[in-house]
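The values are calculated or read from the model by the stated rules, or taken from the named source; none is laboratory data. All of these numbers come straight from a predicted model, not from anything done at the bench. Note that each Cβ is placed from the backbone with ideal geometry, even for glycine, and that neighbours are counted across all protein chains shown.
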Amino acid sequence: MSYRKRLPAKRLGLGLVATALLVSSFSGALLSQDSPTPDQGDHELHDRANNEAYAWANNPADRKWRVELPVSVRNLLTLTGAGTTRRADRVDNDPASGLALAGSTAMFADATGSALWPNCTPIRVTVDTVESSADSTAAALATRDAITELGELTGLEFTPTTDSTHTVGDNPAPQPNTIQIIWVNRDTGLLEDHELGAAEVWHRKVVDRLIVFQAIVLLSDEILTKHDLDTNTGGDFIRTTLIHELGHAVGIGHSVDDGSVMYPRLNRKASVTTADRAAFAYAGSRGC
């Protein structure tokens, strides 16, 4: 049996995606700061409910760290070792509790642990731009840079393909072991008003752990048409948006910290915080 975090039907326009899948109701969507107040309230309420339902959960297989962990990250993850500070109010070597206290959440978790990609096999990433009016070269470049950064943050190995010509309607789901990134026009109805992107993640239970095995990320052309990749401000905005959605694709949920790159509503102060670095490192720590 496989499971997924599901986008509402309007956003994908696909009835077949739900076939033979047990569906949960969370959408990993990112709003622009231009979104009106009523939308903000609705989405924040939904996100808070999700944070309560999908706190990070540890699994014994999640200690195969693939990136260097600065002392600040090790402290947050409650890991012991040289330079770290032990706290009487925390349990040692309990990353899930450290992430929870920092306001980070998982896309999905249960008693066996969080749903994560195994880090022993390269993950194929396809980048599709044919459904968007955005500059295909700029879209491919921005996506490639974000994938590279995602690999540096998680330690996961990605093999991107930027010359794909698939559209949302071609495949109800991506191929196994694949993250499919599709740039779409903002007015197609695939994303709600002021949504910059959304992610859908599939996972299944394998023996004693939850494994993510495929994901779809939709990115709005508004990301590129309203911002210049070649300027510092525009480049930071684009980078933040793409890292947010790719974070969902590797199993990271929203953060309650409005300075986090994983906060559900984009703002100018968003960045990759210490808690974000800890979450990305944890997302890449699932051994095989």
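Looking at Ser271, Ser285, Ser260 in this structure, which one is surrounded by fewer than 20 Cβ atoms within 10 Å (Cβ to Cβ) and of a type in the set (Gly, Ala, Ser)? Talk me through it step by step, then tell me what you get.
Details: Ser285 fails: surrounded by fewer than 20 Cβ atoms within 10 Å (Cβ to Cβ); Ser260 fails: surrounded by fewer than 20 Cβ atoms within 10 Å (Cβ to Cβ).
The conditions single out Ser271.
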Identity of the residue in the range 83-103, under 10 Å from Asn58 (Cβ atoms) and assigned to a loop (DSSP other than H, G, I, E, B), that ends up farthest from the chain's Cα centre (by Cα): Asn93
Any chance you could count how many residues in the range 203-240 are closer than 17 Å to Arg268 by Cα, modelled with pLDDT of 90 or more and either touching a Pro at 6+ places or on another chain (Cβ under 7 Å) or buried (at least 21 other Cβ atoms within 10 Å of the Cβ) (or both)? 1
When residues of the range 128-162 are limited to those that are among the aliphatic types (A, V, I, L, M), touching a residue at least 40 places away in the same chain (Cβ under 8 Å) and part of a loop (DSSP other than H, G, I, E, B), the one nearest to Val67 (Cα to Cα): Leu156
Report the residue count in the range 234-257 for those that are closer than 17 Å to Arg277 by Cβ, of a type in the set (Ser, Thr, Tyr) and part of a helix (DSSP H, G or I). 1
So Tyr282, is it outside any strand (DSSP E or B) and under 14 Å from Ser114 (Cβ atoms): yes
Please count how many residues of the range 74-101 are touching a residue at least 12 places away in the same chain (Cβ under 8 Å) and either in contact with a strand residue (DSSP E or B) (Cβ under 9 Å, 6 or more places away or on another chain) or of a type in the set (D, E, K, R) (or both). 5
Please work out if Glu195 is crowded, with 17+ Cβ neighbours inside 10 Å, of a type outside the set (A, V, I, L, M, F, W, C) and more than 21 Å from Leu153 (Cβ to Cβ). yes
Among the numbered criteria (1) buried (at least 21 other Cβ atoms within 10 Å of the Cβ); (2) at pLDDT below 95, which single criterion is violated by Ser114? (2)
Of all residues in the range 64-82, how many are assigned to a loop (DSSP other than H, G, I, E, B) and of a type in the set (A, V, I, L, M, F, W, C)? 6
Expected output for the range 218-240 (first residue closer than 17 Å to Ser260 by Cα, partner modelled with pLDDT of 90 or more and in a strand (DSSP E or B), Cβ below 8 Å, 6+ apart or cross-chain) is Thr240/Ser271
Within the set of pairs 6+ apart or on separate chains, which have a first residue in the range 247-262 that is over 20 Å from Gly155 (Cβ atoms) and of a type in the set (A, V, I, L, M), a second that is assigned to a loop (DSSP other than H, G, I, E, B) and at pLDDT 95 or above, and C-beta atoms under 7 Å apart? Val256/Gly103
